[in-house]
Structure formats: C-alpha cells, structure tokens
Amino acid sequence: MNNFKNLRGTVDLLPDQLIKWQNVEKIILEQLFRASIKEIRTPILEMTELFTRGIGEGTDVVSKEMYTFLDRGERSCTLRPEGTASVARALIQNGILNKPPQKLWYMGPMFRYERPQAGRQRQFHQLGVEFVGFESLRSDVEIITLAWDILEKLGIKELNLEINTLGDNTDRSNFQKAFLEWLKVNTNSLDLDSQKRIDKNPLRILDTKNVQTKKLLENAPRLFDFLSEKSLKRYLNIKEQLKILKIPYVENFNLVRGLDYYTHTAFEITSGSLGSQATVCGGGRYDNLINQMGGTETPAIGFAIGLERLILLAGKEVEENRATDIYIVNKGLQAETLAMDLSRKLRNYDLIAELDLSGASFSKQFKKANKLKSKSIIVIGDDEAIKNEFIIRLFNNNNSENKEETISLDDHIKLGNWLDENLLLKRSSINK
Ligand code: HAM
C-alpha cells in the first residue's frame, strides 16, 4: 500500500490546533462585524490572466510562484495567490463596483510556490479587507487602524507599522526615468538579483535584502522627491492623522510591496516576535487596478493578514477551549433514546452538551466526563428512564458537595431554571 503524504508547503490542521485558529477567527470576525464590513467569497480557482494582468507579469508572485495548469478544456487556470484581484473581478462582473462603495472582507487559502519555512507555506491563509470606491485619506487611515486593532485585539506584541507612499502614475514614471538612469550607471555594483530586475521590475530593487545594494541605494534618487504637491499633501495628512490616533509608525521609503497594483499609500506591519518572515500584514491603495481590469475608474485600498503568522504570534488568551457544559452519561436501551432526545434539547440553550455514545459502564463514562472537565453531568439509566426523569449534577471546582437534582423529562421549566442558575447566568457574568 502507498504511504501518502501531504505536498511540501501544505499542512494538516488538527483538532487541537484548530481550537486556537477558531478563537482567532472569532475575534477577527467580531471586529469586522463591529466595523460594518461585509464578507465576500470568490472562487479559489481563476483564469490565469486575472493575476498576470492584475498583479503584474514582472512580480515574483506571477513570474515564479503561481500554481498554474491547463484544465481539461485547455484553459489556463491558477490557484489564487492572493485575493485582491479576485475581489476586483467579482465586483466588476456582478455590477456592484461602486454603488454604494463597498467595505469587504474574505478569509481563505492562497497558494504560492515559495520555499517553505516557519511562517511561510505554499498553501497559506489570508484575511483580506478591501475598501472599494473610497478615495478620502480617512479611508487609508481607517484601513491601517483596522489592521492595527485586529492585531492588538489578539494580544500581539512588538508590532511595527511601516508606511510609505508610491505616489500616482505620473509621480512614479517621473521617478522611474531618473532611477533607471541611475541604475544604468550603477549596474555593475548591484547584486545579481537586482541586475535582473532592472528590465522587469526596477521598483522592486528598492526593497532588496542585499546589504551592499542597500548601501548603494542610499545615494539613489528617491521616489519621495518626485511626488506632486497633491500626492505629498495626501501623504503628510495621513501621517498627521495616524499621530492624532496614536498609531505609532516609521517611514520606510524603500517599502514598495511585491505586487504591481499599488499607488499612494503602502504599508506593512511586522512583529519583532516573528523570525525572518516578520511581515504579518501588508496592504495599500490600488486606485488603477479596477480600471485596468475593465471596470470604471474606482479608487480602492486594502490589506491582507497572513493567518499562519498570526497564529504563531497570538497570545495565550486565544488558546483556551470552552469546556463542555454538560456530559450526558447514559446506559440501557430506553435510557439511550431519552438521552439522545435530551441532548438535542440542551443544545437549544447554547450549551455544549456531549452525549456519551460508548455504551460503556457508568464509571467509565464518569471518568470521561471528568477528563473533559465538564461543568456538569446528566445521568440517565434504566431506573431513571422508567420514571421518565434524569439526574443532573454540578461539579464544584474542589469536587466537594456536588449539587444534584432529579428532574422530570417533561419539566422544561425546572430544567430551564436549573441551567440558568448553575450554568447560563454564571457564564454571562464571566463574559461581562
Ligand atoms: P502580500 O503582502 O503579498 O499582500 O500578502 C499579505 C500577507 O500574507 C503577508 O504579509 C504575509 O503575512 C502573508 N503571506 C504571504 N505569502 C505567504 C506565504 N507563502 N506563507 C504564509 N503567509 C504568507 C497581498 O496579498 C495583497 N493582496 C494585500 C492587499 C489587499 N493589498 C490590498 N488589498
């Protein structure tokens, strides 16, 4: 028999790990809900051209990292490497581009053929947020603060926000001319990777990791010096608002991001607690993308957070599982049917009610309830079944004096009162 293994760069998420994932997702979803941001789901598989045109052929993502193949109808398909291009396509295609402006989020798997390491996978997950149809600089500020607040809510420490502006098309093409001149003169002093980028994607040279090239770039022309008055004013105002909101940031003039669609604001959030893959969130404005893809001119801005990196960083408080509220111990033919019926009723109370299905001895079932740290147990044996009743018992923390009551299966009022007094009211006062 074959020993099958998952593909390199993909992982199985097992039940114990998923407790943390689910708690993190819950906190994120609450935050998005409170900010009135709505969900959008697009297909994982798209036409390849969506990404080559949307993200840019010269980018690493498109030229080296996409999972692209021909389907049985000979169409070139790609597993999405990111979500922004798909959201733009979906809004254009469904005619809901900018009427009214849209605040949207998505969460799901993305695929990039990268070298796997801690915090970097080939199948990974992103939470993305896109504000489409928003031009005001306050939308830039809201996007940045939203990302910041989500990370803070999850108890992530040592956050650093880096911001930059890439100006508009004219600013960038003026800069690019001067930069290309400078690159021509300095080609031989650049590292090999940067030399290769001169023709394909010169802006990316700015965020090289090569120390020597970095040093050399200190004397290169700066995009910042080519900004029009309008672009500069926009950028200065955003910085001012971030200061007022007490969101700490540092400026990084070399922050250009890896995707071609950005204009004006670009930002990344890193955490000092992560290793080399420190960027947990990246985003920026993309005012030309939708127009380029065939939609009407529509300004937009967004970000994406890498969930694997988030899980590595999230604090202890999101690791906890909610304990079982009631474990239903049952044995005997008639008792088992009644127990099944009761478990369904209990779940209507928003309680975690687990029905023992083992048919094992009472003592084994009690042990299981203990192991699960269930807050209470219900016992139904044949004696109880004949009388159409059950015993419900609350576990004290110190296990002394367990509070016990016998309740008739038809007495909903008594059951409701008991659950209120012993489980439900206690929970809401803890949650407050
Ligand atoms: P990105 O910077 O390519 O931006 O990715 C965003 C985040 O996804 C990264 O900061 C990182 O946390 C995570 N990420 C990327 N690649 C991997 C990987 N191989 N393994 C694990 N995590 C990874 C975008 O994707 C843009 N669509 C963001 C955006 C939305 N811009 C505007 N709107």
When N counts the residues of the stretch 322-431, how does its alpha-carbon radius of gyration compare numerically with 2.2 N^0.38 Å, as a ratio? 0.99
Using alpha carbon centroids, what distance separates the stretch 1-69 and the stretch 196-274, in Å? 26 Å
Hey, what's the per residue convex hull volume over the C-alpha atoms of the chain, in cubic angstrom? 217 Å³
For the chain, what is the mean residue ellipticity at 222 nm derived from helices alone (per DSSP H run of n ≥ 4: -39500 (n - 2.57); sum divided by total residues; nearest 500 deg cm²/dmol)? -11500 deg cm²/dmol
Over the stretch 322-431, what is the percentage of antiparallel beta bridges among all DSSP beta bridges, to the nearest 5? 55 percent
Give the long-range amide H neighbours of H264: residues separated by 5 or more places, or on another chain, with amide H under 5 Å away, using H modelled in the peptide plane at 1.01 Å from N. L166, G167, D168
Whole-Hz ³J(HN,Hα) for each residue in the stretch 177-189, computed from phi via Karplus 6.51 cos²θ - 1.76 cosθ + 1.60 with θ = phi - 60°, x for glycine and proline: what do you get? 4, 5, 5, 5, 4, 5, 5, 4, 5, 9, 3, 5, 8
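Within the stretch 1-113, what whole-number % of the accessible surface is contributed by carbon and sulfur, with the 1.4 Å probe and all protein chains included in the calculation?
54 percent
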Given a Förster radius of 25 Å and the C-beta distance between D71 and R41 as r, what FRET efficiency does 1/(1 + (r/R0)^6) yield to the nearest 0.05? 0.75
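Hey, which of these cross-link pairs are over 32 Å Cα-Cα: K20/K367; K99/K230; K26/K246; K20/K364; K103/K177; K103/K196?
Beyond 32 Å: K103/K177; K103/K196.
Write down the accessible area per residue of the chain in Å², having rolled a 1.4 Å probe over the full set of protein chains.
55 Å²
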At a 1.4 Å probe, what is the % contribution of carbon and sulfur to the accessible area of the stretch 205-293? 50 percent
Take the solvent-accessible surface of the protein heavy atoms, probe 1.4 Å, and return the percent of it on the stretch 322-431 that carbon and sulfur atoms account for. 51 percent
Dipole of the chain [Lys/Arg +1, Asp/Glu -1 at C-beta], most positive-end residue of L313, L419, L190: L190
Under 16 Å Cα to Cα from K215, which aspartates and glutamates show up? Leave out anything in the same chain fewer than 8 places away. D191, D193, D207
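The values are calculated or read from the model by the stated rules, or taken from the named source; none is laboratory data. All figures in this text were calculated on a predicted structure; none of them were measured in a lab. No Cβ is skipped: glycine too gets one built from the backbone with ideal geometry, and neighbour counts run over all protein chains shown. Accessible surface areas use protein heavy atoms only, side chains included; no ligands, DNA or RNA. Shrake-Rupley method; radii C 1.70, N 1.55, O 1.52, S 1.80 Å.
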